[in-house]
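Beneath this line is the structure, given in structure tokens, with notes to follow.
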Amino acid sequence: MKIKTFFFILLLICSFMNAQQMNNNNPFFTEWKTPFQTPPFNEIKPEHFIPAYEEGMKQEKAEVDAIINNSERPTFDNTLKVIEKSGEFLSRVSRVFGGLNGANTNEEIQKIARITTPMLSKHNDDISLNEKLFERIKAIYNEKDKLNLSDEQKAVLENRYTSFVRSGANLNQADKEKLRKINEQMSMLGLKFNENLLKETNAVGLVIDNKDDLKGLPEDVIKSASELAAAKGMNGKWAFSLQKPSFIPFLQYSQKRDLREKLFKAYTNRGNNNNEFDNKKILSQIISLRVQRANLLGYKSHADFVLERTMAKTADAVNKFLAELWDPAVKRARTEANDMQAIINKEKGNFMLEPWDWWFYAEKVKKEKFDLDEEMLRPYFQMENVRSGAFAVASKLYGIKFIERNDIQVYNPDVKVFEVTEADGKHIGIFYSDYFPRDGKRSGAWSSGFRSQSNIDGEFITPLVYNVGNFSKPTADKPALMSIDEVNTLFHELGHGLNSLFSNNIYPGAKFIPRDFVELPSQIMENWALEPEVLKMYAKHYKTGKVIPQQLIDKLKKSKLFNQGFETVEYLMASILDMDWHTITDVRERDVTQFENESYMKMGKMPEIESRYQSTNFQHIIGGYSAGYYSYIWAAVLDADAFQAFVETGNLFDHKTAKAFRNYVLANGGVGDAMEAFIKFRGRAPKKDALLKARGLN
């Protein structure tokens, strides 16, 4: 018996030592001695994440326990300030993992996500549903008018209290258990939805083995398709994926109408192919669970729950706003469709315009009306030059510098890193750019960070920000040449990045940016992208280095309103579909296709235009934009009006206006009321006039 006991103890000691050794080799358990304590991606391996997650949750639980076991009367310093400082280890792990899972995932990473997602759901609920912790916050909240709190401290208190209430802190124990189960189910379903969509998006949508089927395609498009086919093991063929840089040029230029239809439908049917990656049932379950959660928390619908903390406030306000834009947008889109149908008839096409024809005939109309097409412009939009142009705009506006750093580790060779400084060299933060599609990256473009800014107790922590895109890749003999849409997107995401880089708060929790305000910093940057003055700064021919000629700039300016009806209608369709899904008030399984068709019928869908997203591939509403996709056009009112403030000075880079925008919107926007922040900058509430004019809808 004693021998057995001895060996058992020895086994425990060995296990402990092995665990310690593993943790010693785990970069998350050591101080990062990298420049600016950036993530040491060269050292981080998939096997490091689960132990790090477990330790992070353990540490945050201990930090919360210390707060609730404090016998002293609750104060801002011994409760809220400690909460603000807690969870640093877990945040570091989660941010790195989230960045990789979005932009550089694989089967191993996805498996870890499936393991850690329910763990994190339980951990977060353990905190947000902790009665003792909430009682301490509530005690401070009830005395807030008697306390001498700063504006930031008031914002932290308001945001924390509201967050706990909206997370179910006031529910009885039975309802809390129901909420826990709902949260876990939703987190796992959302993960599965996104995994399915990634697999469907990575699929090859069209393979061509007959050279005659390439008719009409530019040489660069053919070259890219050949390289993609070779990469997929199909030498001698041409492949087109369901990533936009691949399928959009095919729709624009292919003279094979049947193949355009095939590729277009492959894209729109992602997640709706009745296969192992089908998202219909998953979406229906998510919608039902969202209704159940909203009901538990005292709301009729998920939209009521979400919109309470936005500028719009109610579903009625959103629907009214979208309806006001729908008719003028459809009117303009109908004119555009008629122009295309006229060309079809002129060419004796003998068919009616369909959604898969739009890009092809839009190019013809653009050529006919403005003597302009995408391929004339691409040579002037080399990605590196466009990025430099966006940096230059930010530099001229805010006096900042972007300095490339080759000594900072990255998670993929495509990623480039820049240190951002003030004009005097003071460090602001680190900016990562990751712009090319790959199988491990979800579709679309986004901005996020590996670390947020804070300044608690005078310890100023600078942000680590990244921008991710899926832009046209370089080929064997040409650099990455971008479309106009991609140019705008690059500027857009940098705007989000600047919002994070310029953040200047003591407490991270002081900032709450409503979803329909958060797109203002990004969308305003798009206004500079194609201004003649700005184009001359960065639009240079990739071969000759010559600046884009004035003749092309003039054509671009004249075509500024081209296709705005289409772009607005396809966007509004998705926004209305989102609202229809999330204003549901009853819990039952739905036929997703039928619901979607009824939504389109109700809005008066144009047969020539499909929604920007379909329910089974609408990743925005599975993530943070549920009942919020309208936010882009809501914020478009704000950004068009805000840009006019620069125009009215006669100087697009007016320093006084830029300083006000940085201070009120970028640095401190989100602390307090969003509309008040806009009014402080603009001097008045926003008007729709600038947006309607910018889109030709007036």
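Yes/no per residue for (1) buried (at least 17 other Cβ atoms within 10 Å of the Cβ); (2) more than 29 Å from the chain's Cα centre (by Cα):
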position	(1), (2)
Ala155	yes, no
Lys176	yes, yes
Asn183	yes, no
Lys199	no, no
Asp212	no, yes
Glu219	no, yes
Lys223	no, yes
Ala231	no, no
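Have a look at Ile137, Ile115 and point out the one that is surrounded by 16 or more Cβ atoms within 10 Å (Cβ to Cβ) and either out of contact with any strand residue (DSSP E or B) (no Cβ under 9 Å at 6 or more places or on another chain) or farther than 25 Å from Ile282 by Cα (or both).
Values: Ile115 fails: surrounded by 16 or more Cβ atoms within 10 Å (Cβ to Cβ).
From the options Ile137, Ile115, the qualifying one is Ile137.
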Requested in this report: Filter region 245-281 down to the residues that are out of contact with any strand residue (DSSP E or B) (no Cβ under 8 Å at 6 or more places or on another chain) and among the aliphatic types (A, V, I, L, M), then identify the one that is farthest from Lys364 (Cα to Cα).
Outcome: Ile248
Query - Residues satisfying the stated conditions in region 434-476, i.e. buried (at least 21 other Cβ atoms within 10 Å of the Cβ), of a type in the set (A, V, I, L, M, F, W, C) and out of contact with any Leu (no Cβ under 9 Å at 6 or more places or on another chain) - result: Leu464, Val468
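For region 92-107, what are the residues that are in contact (Cβ under 8 Å) with a residue 60 or more places away in the chain and either outside the structural domain of Thr117 (by TED's automatic domain parsing) or part of a helix (DSSP H, G or I) (or both)?
Quick first cut of region 92-107, residues in contact (Cβ under 8 Å) with a residue 60 or more places away in the chain only: 92-93, 95-96, 98-100, 102-106.
If the condition is that a residue be in contact (Cβ under 8 Å) with a residue 60 or more places away in the chain and either outside the structural domain of Thr117 (by TED's automatic domain parsing) or part of a helix (DSSP H, G or I) (or both), then Arg92, Val93, Arg95, Val96, Gly98, Gly99, Leu100, Gly102, Ala103 are the ones that fit.
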Query raised in the report: So which helices (runs of 4 or more DSSP H) are wholly in region 210-313 and hold at least 2 residues that are at pLDDT 95 or above and closer than 30 Å to Lys176 by Cα?
Result: 280-296, 302-307
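Quick one: would you say Val671 is touching a residue at least 60 places away in the same chain (Cβ under 8 Å) and at negative phi? Talk me through it step by step, then tell me what you get.
Details: touching a residue at least 60 places away in the same chain (Cβ under 8 Å): yes; at negative phi: yes.
Considered against the rule, which asks whether it is touching a residue at least 60 places away in the same chain (Cβ under 8 Å) and at negative phi, Val671 comes out as yes.
Quick one: is Asp434 more than 25 Å from Ala539 (Cβ to Cβ) and in the same structural domain as His496 (by TED's automatic domain parsing)?
Working: more than 25 Å from Ala539 (Cβ to Cβ): no; in the same structural domain as His496 (by TED's automatic domain parsing): yes.
So Asp434 does not fit the description; no.
What number of residues within region 75-93 satisfy the criterion of being closer than 22 Å to Phe460 by Cβ and of a type in the set (S, T, N, Q)?
If we filter region 75-93 for residues that are closer than 22 Å to Phe460 by Cβ, which is where we start, we get 76-77, 80-92.
Among the residues that remain, those that are also of a type in the set (S, T, N, Q) are: 86, 91.
Qualifying residue count, region 75-93: 2.
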Query raised in the report: What are the residues in region 105-128 that are of a type in the set (A, V, I, L, M) and either within 16 Å of Gly87 (Cβ to Cβ) or at pLDDT below 95 (or both), if any?
Result: Met119, Leu120, Ile127
Requested in this report: Of the numbered conditions (1) polar (S, T, N, Q); (2) assigned by TED's automatic domain parsing to the domain that holds Thr79; (3) exposed (fewer than 14 other Cβ atoms within 10 Å of the Cβ), Thr162 fails exactly one; give the number of that condition.
Outcome: (3)
Query raised in the report: Looking at region 222-244, which of its residues are in contact with a Ser or Thr (Cβ under 7 Å, 6 or more places away or on another chain) and under 18 Å from Trp356 (Cβ atoms)?
Result: Phe240, Leu242, Gln243
Query raised in the report: Taking Thr616 and the conditions (1) farther than 30 Å from Gly683 by Cβ; (2) surrounded by fewer than 22 Cβ atoms within 10 Å (Cβ to Cβ); (3) hydroxyl-bearing (Ser, Thr, Tyr), which numbered condition does it fall short on, given that it satisfies the others?
Result: (2)
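What do you reckon, is Ile553 more than 20 Å from Arg270 (Cα to Cα), surrounded by fewer than 21 Cβ atoms within 10 Å (Cβ to Cβ), touching a residue at least 60 places away in the same chain (Cβ under 8 Å) and hydrophobic (A, V, I, L, M, F, W, C)?
no
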Query - Of all residues making up region 131-147, the number that are under 13 Å from Leu80 (Cα atoms) and part of a helix (DSSP H, G or I) - result: 9
Query raised in the report: Looking at region 331-352, which of the residues that are in contact with a helix residue (DSSP H, G or I) (Cβ under 6 Å, 6 or more places away or on another chain) and of a type in the set (A, V, I, L, M) is farthest from Ser611 (Cα to Cα)?
Result: Ile343
Report task. From Glu363, Glu384, grab the single residue that is surrounded by fewer than 16 Cβ atoms within 10 Å (Cβ to Cβ), of a type outside the set (Val, Ile, Thr), assigned to a helix (DSSP H, G or I) and modelled with pLDDT of 95 or more. Result -> Glu384
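Each row is one residue, and each column tells you yes or no for (1) under 18 Å from Arg662 (Cα atoms); (2) in a loop (DSSP other than H, G, I, E, B); (3) touching a Cys at 6+ places or on another chain (Cβ under 7 Å); (4) not assigned by TED's automatic domain parsing to the domain that holds Phe678.
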site: Asn467; (1), (2), (3), (4): no, no, no, yes
site: Pro474; (1), (2), (3), (4): no, yes, no, yes
site: Glu486; (1), (2), (3), (4): no, no, no, yes
site: Leu490; (1), (2), (3), (4): no, no, no, yes
site: Leu494; (1), (2), (3), (4): yes, no, no, yes
site: Asn504; (1), (2), (3), (4): yes, yes, no, yes
site: Phe512; (1), (2), (3), (4): yes, yes, no, yes
site: Arg515; (1), (2), (3), (4): no, yes, no, yes
site: Lys543; (1), (2), (3), (4): no, yes, no, yes
Query raised in the report: Which of the residues belonging to region 422-458 are part of a loop (DSSP other than H, G, I, E, B) and either under 30 Å from Tyr267 (Cα atoms) or modelled with pLDDT under 95 (or both)?
Result: Tyr435, Phe436, Pro437, Arg438, Asp439, Gly440, Lys441, Arg442, Ser443, Gly444, Ala445
Query raised in the report: When you look at Phe41, is it at pLDDT 95 or above, in a loop (DSSP other than H, G, I, E, B) and hydrophobic (A, V, I, L, M, F, W, C), yes or no?
Result: yes
Requested in this report: Would you check if there is a residue in region 68-82 being surrounded by 16 or more Cβ atoms within 10 Å (Cβ to Cβ), charged (D, E, K, R) and either outside the structural domain of Phe512 (by TED's automatic domain parsing) or closer than 24 Å to Lys132 by Cβ (or both)?
Outcome: yes
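The values are calculated or read from the model by the stated rules, or taken from the named source; none is laboratory data. Not measured: the values here are computed from a predicted model. When we count neighbours, we look across all protein chains shown, and the Cβ atoms used for this are built from the backbone with ideal geometry, even at glycine.
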